[in-house]
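Down below is the structure, laid out as structure tokens.
No lab work stands behind these numbers, since they all come straight from the coordinates. Values in this document were obtained by computation on a predicted structure and should not be read as measured data. Here the Cβ is made from the backbone with ideal geometry for all residues, glycine too, and neighbour counts use every protein chain on show.
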Amino acid sequence: MSNQIKRPKGTQDILPSEAAKWRTVEDAVREAAEQFGFREIRTPDFEETGLYVRSAGATSDVVTKEMYTVSSTGDSSFTLRPEGTAGVVRAMLENGLMNEGFPQKVYYLAQCYRHEKPQAGRYREFKQFGVEMFGTQSPYADAEIILLASTVLERCGLENVTLHINSIGCPECRAKYREALRSFFLPHVEELCPTCRERLDKNPMRLLDCKSPICKGIAAGAPLITNYLCDGCREHFDALKEILTEYGVEFTVDPKIVRGLDYYTKTVFEFISQDIGSQGTVCGGGRYDGLVSELGGQQVPALGFGLGLERLIMTMEAAGVEFEPAKTCDLYIAPMGAEAQKKSALLADAVRRAGYAAETDLVGRGIKPQMRYADKIKAKFVCVIGDNELSCGEAKLKNMATGEETPVKLEEFMTGFSNLMLNEIFDGELGETIGRLVEGLEPAEEQPEG
């Protein structure tokens, strides 16, 4: 029986063969966020437990079922971050960013932790990309947040994705809606799951988000929030729909969207993929105008969205999206003998200092195993250095793709290798692009003498 320790349930190892996918996605979301004017923020992986109880709501699944909470020495209770928004709001308030002028726009890539049943694309430890905007009630801000989410998904190659939007109103109009829901569900109380029975008095809107087939069937006939919106919330929602239409963003009004956290108000939205089955939500967010004041600040409107990278990558794979290939070794130097080892190490160092990726033998292998290793790491060029190369001061650089060999003086090694790498680059897509630009340039006009 093996005593090998296994990774915790609901976590995953990102192996070197998969890491390039993550870098591709992380680069894409960062670039999109920064093009929309969002700046990166980083917050601790754990916060005081009260922060999440106050923000997510005492009746939310996050608080009642999913938080990883520990107590430190003394009376403090800390919780591993289950979502990104609350910690960002705390950081914005504590560090005075709310005083620097509005709108404040930030984004983050954060590790999050929820104790829930692991399933496809959903883990207990997961990485979330999120954006938050503070200080504007304009429906144009709602549209911009949605447009940013759409841009991220588009740049990640997802096409079979639909936008669903809803308004869940403000506290005033939502109070009437909660009473209507309570009246509707009360005759079915014995049919509801135990969790929904508890929610019925505390927060009946959460019944609309239950995954139980029986509860979902009952909720299908529930009153719609859109019929209970006050004039202000209805005007805001109508304006958002009009703006999205002007942008050319297609959407479906889905009155059953309520999101899983209690701090949402007015606009809520989800992007749903048809490529990953019934649990198809790839990205979700909305407006939370009361959260900043709930956490001790002034009344500042806010909105944003969150997107799990695991779910995003799984969706991309299901859709057949091609990821950028992992970067490979530019040059492998294969030494034969002790003196060649010294020379190879110095040359590899010079190549790296010039900005290229280089490796040389570190385990004392023969030439054939070294060549197999060079092929395995997909080295672009290989240079073999032995006694003959050292005595004549010249070696050959082999292009592993074409088999072509180019002689190069060891004392001029960097110049020769750099030229070969530049040829590789300019023979490729970059070279074609530069060639087109050069062809399009007009010849400079001759300047008159004097």
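Net charge near GLY285, counting Lys/Arg +1 and Asp/Glu -1 over other residues with Cβ under 9 Å of its Cβ?
Combined, the nearby Lys, Arg, Asp and Glu give +1.
In deg cm²/dmol and to the nearest 500, what is the mean residue ellipticity at 222 nm of the chain if only DSSP H runs of at least 4 residues count, each as -39500 (n - 2.57), divided by the residue total?
About -12000 deg cm²/dmol.
I need ILE5, ILE165 ordered by Cβ neighbour count within 10 Å, fewest first.
Details: ILE5 6, ILE165 22.
Taking fewest neighbouring Cβ atoms as first place, the list is ILE5, ILE165.
Kindly work out what percent of the DSSP beta bridges joining two residues of region 331-427 are antiparallel, to the nearest 5.
50 percent
Would you mind checking the tilt of helix 171-185 against the longest principal axis of the Cα atoms of the chain, expressed as 0 to 90 degrees and rounded to 10?
70 degrees
Only one of the listed values, (1) 28.9, 98; (2) 23.1, 71; (3) 21.1, 71, was derived from the coordinates as Rg and Dmax of the Cα atoms in Å; which label is it?
(1)
Hey, which lysines would be in cross-link range of LYS176, C-alpha to C-alpha under 16 Å, not counting anything within fewer than 8 residues on its own chain?
LYS202, LYS266
Rounded, prolate or oblate: which fits region 346-424, taking a ≥ b ≥ c as square roots of the Cα gyration tensor eigenvalues, rounded meaning a/c under 1.5, else prolate when a/b beats b/c?
Judged from the Cα gyration tensor, region 346-424 comes out rounded (a/c under 1.5).
Students often forget the sequence filter, so: which aspartates and glutamates lie under 18 Å Cα-Cα from LYS9 once same-chain residues fewer than 8 apart are removed?
By straight Cα distance, LYS9 reaches GLU66, GLU116, GLU125, GLU310.
Lys and Arg at +1, Asp and Glu at -1: add these up for the other residues within a Cβ distance under 10 Å of THR162 and post the number.
Here the count lands on -3.
Using the structure shown, select from LYS343/LYS368; LYS105/LYS241; LYS105/LYS216; LYS127/LYS380 the pairs with a Cα to Cα distance greater than 29 angstrom. If you can, show how the numbers build up before the last one.
Numbers: LYS343/LYS368 19 Å; LYS105/LYS241 22 Å; LYS105/LYS216 36 Å; LYS127/LYS380 33 Å.
In this structure, LYS105/LYS216; LYS127/LYS380 exceed 29 Å between Cα atoms.
Report the residue, chosen from TYR247, TYR68, TYR108, that carries the largest GNM mean-square fluctuation when the chain is represented by alpha-carbon nodes joined by springs under 10 Å.
TYR247
Return the single residue from ARG372, ARG155, ARG259 with maximal mean-square fluctuation; model: Gaussian network over the chain, springs between Cα atoms under 10 Å.
Of ARG372, ARG155, ARG259, the Gaussian network model singles out ARG372 as fluctuating most.
Roughly how many debye, to the nearest 20, is the charge dipole of the chain about its Cα centre, given +1 on each Lys and Arg Cβ, -1 on each Asp and Glu Cβ, and no other charges?
2340 debye
In whole angstrom, note down how far apart the Cα centers of region 221-286 and region 183-210 are.
A separation of 22 Å, based on Cα centres.
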